[in-house]
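Read the structure below first, then the notes.
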Amino acid sequence: MAPNELERHLRRTMGDSNFVRTYKTKFRDFHVKHGVYPRHEILLHAIYANEEMLRGKIVDPHPLAFGGEVVVKNPESASNRILKEKSGGCFITTAVCGSLGKSDDCYELTLLRNFRDIWLSKQDTGGELIKEYYAVAPAIVEAIDKLKDKNDIYAMIYEKYIQPCISFIKSGKETECMNLYRDMVNTLKQVYS
């Protein structure tokens, strides 16, 4: 949707005053967090994605929103960073993305967190899978972080698991994403626990 069409749609569905208030808040928050002013179309897409998520739909984040992400210059170990950040519990993916110099609100983490919160948590076994993940993932990351070749391991996890999961979500194949992510956790648990 073109920016002007998207803005008209949002004003219609949210109401003018609610749209303006939300736009100003997002603009201010983005500027405070990143120290730069966001592009108009990025803000519009962020508002649209948020509105759709409230309706229970997973929306692919705007790709331009992540083009100027902050790169961590001297990252701490991924496990230490995870314990300090409010990362929403995506331990393994946060460690993988951190090792690649991606920020905590990068495209991959945003999409996978939305998947977890909007789709997976509503599945019959979703809560169980999420609970198991929280129980084993920190130990997996801690074990990998102690290895000399941790960056190679994280790169392999990204290529073998994270990228295909992103593709599955974008293609509407949520079940395939869930199965692959579960396989990843089980494999890593066997190797690093």
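Here, each number is a calculation from the coordinates, and none is a lab measurement. The structure displayed is predicted, hence computed values, not measured ones. A quick note on method: Cβ atoms are made from the backbone with ideal geometry, for glycine too, and the neighbour counts reach across all protein chains shown.
For the stretch 158-177, the set of residues classified as out of contact with any Cys (no Cβ under 7 Å at 6 or more places or on another chain), assigned to a helix (DSSP H, G or I) and not charged (D, E, K, R) consists of Tyr158, Tyr161, Ile162, Gln163, Pro164, Ile166, Ser167, Thr175, listed by residue number. Condition test on Lys173, is it of a type outside the set (Ser, Thr, Tyr), surrounded by 13 or more Cβ atoms within 10 Å (Cβ to Cβ) and closer than 26 Å to Ala46 by Cα? Considered against the rule, which asks whether it is of a type outside the set (Ser, Thr, Tyr), surrounded by 13 or more Cβ atoms within 10 Å (Cβ to Cβ) and closer than 26 Å to Ala46 by Cα, Lys173 comes out as yes.
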